[in-house]
Amino acid sequence: MMKKLLIGLLLIGFIAIIGYNYLYQDHVDVNQSKAVASFTATELQELFTDQNLQNDQRALDQIIEVEGKVTNVDKNTILLDEQIFIELSADIKLKENQSIIIKGRCLGYDDLLEEVKIDQAVLMN
């Protein structure tokens, strides 16, 4: 009986460790990662609004580069060409109407706000 209890506890512990490591994987370092694709802000917006789900996979949950003009600046967020919402990974001083290239992880398209969301972004130029 004691042997079965010990084996059961070890099995539960093993499953818990595997589950924890699966759920809490290391985060991707955008600075060290290479971008899989490069888009202008307009191209990226069209990619998500063309109703072709296969096109979405080119950018969705990928490290991408986006080029555009800054149209709105907040504390740690910017808006490129009024279409791409970007959360910056560091506090960067940017000005409106400034052309930039950023690299970040594409989270997808927000239908309600009609914006593409990018996080962990770093300035490339």
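The values are calculated or read from the model by the stated rules, or taken from the named source; none is laboratory data. Here the structure is a predicted model, which means the values were calculated and not measured. Neighbour counts run over all protein chains shown; Cβ positions are idealised from the backbone, glycine included.
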Inspect all residues belonging to region 25-44 and state whether any of them is surrounded by 17 or more Cβ atoms within 10 Å (Cβ to Cβ), touching a residue at least 12 places away in the same chain (Cβ under 8 Å) and part of a helix (DSSP H, G or I). yes
From the residues in region 21-57 that are modelled with pLDDT under 80 and within 13 Å of the chain's Cα centre (by Cα), which one is nearest to Glu115 (Cα to Cα)? Val30
Of the residues in region 51-89, how many are out of contact with any helix residue (DSSP H, G or I) (no Cβ under 8 Å at 6 or more places or on another chain), crowded, with 17+ Cβ neighbours inside 10 Å, aliphatic (A, V, I, L, M) and not in a loop (DSSP other than H, G, I, E, B)? 6
Step by step: first the residues of region 83-118, then only those that are of a type in the set (D, E, K, R) and at pLDDT 90 or above, then the one that is farthest from Asn31 (Cα to Cα). Which residue is that? Glu115
If Val70 satisfies every condition in (1) hydrophobic (A, V, I, L, M, F, W, C); (2) modelled with pLDDT of 90 or more; (3) closer than 12 Å to Ala121 by Cα but one, which is the exception? (3)
Of those in region 38-67 that are among the aliphatic types (A, V, I, L, M) and in contact with a Leu (Cβ under 7 Å, 6 or more places away or on another chain), the residue nearest to Val122 (Cα to Cα) is Val66
